[in-house]
Amino acid sequence: MTSARIRLLLLAALVVVSLALPSAADASTYLTLQFGRSTIIQAKGSTCTALPNTVDIFTVAAELKRRGLTATTVVNTGLTQEHVRTCAGRILYASWDDLVSLHANDGWQAISAGSVLTPYPTLTDQQVLDDSCGTLPLFRSHGFTRAWGEFAYPNNQADSRTAALVSSCFAFGRRYGTVRNALPITNPNWFVKAYSINGGRCNDPQLPCYQLQVVKAGLTYVYTSPDVVAALANGPDASWTTLQAYRFVTGSYDNGHGTAWDCSASDWHAHWSTVPELYCYSDYLSVLSQLQSRLVVTDPATVAALQGRTFS
């Protein structure tokens, strides 16, 4: 057999092997457990003391760690002080000290949501760059060297202009949606979907709570099914799901001024909350218990690296 024929056969064999071996993105199902705006707990008034039957983010982190899971938190730098926790809108926000502790003790990563809540399409090019790329040095200075994996667009608003600017320093841009992300990511704006786990009116038409009107920013909220969330996460190979939660509650509560919930029923269909970002902790734990062991639970930077989108 001639050397030329041998080389041809070896080349053909390599082609067959390369076709048989899936890429890293094709071989696994990825999941990011994400938390919005690094909120610690639902609080009361100007004192920002915790409401009854609330679960703080550190309890959640300990539970995730017990299960061998890590999380990624979204940080609005305008709400994050160095040592003191910020109280705003009856929500207590983590400090950088808190975030560093979650990173060191529980393996949490962090991504940026900028420092403003202004819709990005209304900002100038320089304002977009300053508020997105300009926050990365702050993350790096606190040990979060993987924050470039994803940018969380404020108010879920971005367009091709702002996406082109943000994607110069972030691998992906978070938008809300009810679907998982097929891998590899191919859309030119590098948008990826995050499923928001929300409260709202209950899911049982036979109960009075089904008539609740939970509306925010023109959206009507219905309590998120934990079974639907788990099924979304347990997707097929070559997919990536981001589940974004906020703050957790237990039992029941009603302050008489618009903040109320009921998680006391054994059936999740009867659970409800009047604040969309409040979700029953028992149902979140149900989601975690349904996650399949084959899932790769990781941060956005890991998925980005599979596509060669890495930033220093």
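The values are calculated or read from the model by the stated rules, or taken from the named source; none is laboratory data. Every value quoted in this text rests on a predicted model; they were computed, and no experiment measured them. Note that each Cβ is placed from the backbone with ideal geometry, even for glycine, and that neighbours are counted across all protein chains shown. For the accessible areas, the whole protein counts, side chains as well, though only heavy atoms, and no ligand, DNA or RNA atoms are used. Shrake-Rupley method; radii C 1.70, N 1.55, O 1.52, S 1.80 Å.
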Exercise. Do we have any residue at all in the range 129-143 that's of a type in the set (A, V, I, L, M) and either more than 20 Å from S312 (Cβ to Cβ) or assigned to a strand (DSSP E or B) (or both)?
Worked result: no
Exercise. Does W268 satisfy the criteria of being open to solvent by less than 10 Å² (accessible area, probe 1.4 Å) and of a type outside the set (D, E, K, R)?
Worked result: no
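Quick one: is C169 within 25 Å of L129 (Cβ to Cβ) and either at pLDDT 95 or above or crowded, with 22+ Cβ neighbours inside 10 Å (or both)? It would help to see each step written out before you state the result.
Values: within 25 Å of L129 (Cβ to Cβ): yes; either at pLDDT 95 or above or crowded, with 22+ Cβ neighbours inside 10 Å (or both): yes.
Yes, satisfied.
Please find, within the range 107-127, the residue that is nearest to R66 (Cα to Cα) out of those that are in contact (Cβ under 8 Å) with a residue 12 or more places away in the chain and surrounded by fewer than 18 Cβ atoms within 10 Å (Cβ to Cβ). Give the steps one after another, and end with the answer.
We begin by selecting, within the range 107-127, every residue in contact (Cβ under 8 Å) with a residue 12 or more places away in the chain; these are 107-121, 123, 125.
From what's left, surrounded by fewer than 18 Cβ atoms within 10 Å (Cβ to Cβ): 107, 116-119, 121, 125.
Details: G107: 12, V116: 35, L117: 34, T118: 38, P119: 38, P121: 41, D125: 44 Å.
Applying the filter and picking the extreme gives G107.
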Exercise. If you check A88 against the conditions, is it under 17 Å from the mean Cα position of the chain (by Cα) and not basic (K, R)?
Worked result: no
Exercise. Which condition number does D131 fail, the rest of (1) among the acidic types (D, E); (2) free of Cβ contacts under 8 Å to residues at least 24 places away in the same chain; (3) in contact with a Phe, Trp or Tyr (Cβ under 7 Å, 6 or more places away or on another chain) being met?
Worked result: (3)
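Consider the range 145-166. How many of its residues are open to solvent by 40 Å² or more (accessible area, probe 1.4 Å) and touching a helix residue (DSSP H, G or I) at 6+ places or on another chain (Cβ under 9 Å)? Lay out the reasoning, then the answer.
Applying the first criterion (open to solvent by 40 Å² or more (accessible area, probe 1.4 Å)) to the range 145-166 yields 145-146, 155-157, 159-161, 164.
Remaining after also requiring touching a helix residue (DSSP H, G or I) at 6+ places or on another chain (Cβ under 9 Å): 145-146, 155, 157, 159, 161.
Qualifying residue count, the range 145-166: 6.
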Exercise. Taking the range 200-235, which residues are open to solvent by 30 Å² or more (accessible area, probe 1.4 Å), of a type in the set (V, I, T) and modelled with pLDDT of 95 or more?
Worked result: V222, V228
Exercise. Does the range 170-187 contain at least one residue that is farther than 29 Å from A230 by Cβ and not in a helix (DSSP H, G or I)?
Worked result: no
Exercise. Any residue at all in the range 192-199 that is open to solvent by 70 Å² or more (accessible area, probe 1.4 Å), closer than 30 Å to G149 by Cβ and in contact (Cβ under 8 Å) with a residue 40 or more places away in the chain?
Worked result: yes
Problem set entry | Subset of the range 290-304 [crowded, with 16+ Cβ neighbours inside 10 Å and under 16 Å from T70 (Cβ atoms)] | L291, L295, V297, T298, D299, P300, A301, T302, V303
Exercise. Does the range 143-166 contain at least one residue that is β-branched (V, I, T), in contact (Cβ under 8 Å) with a residue 12 or more places away in the chain and under 20 Å from T77 (Cα atoms)?
Worked result: yes
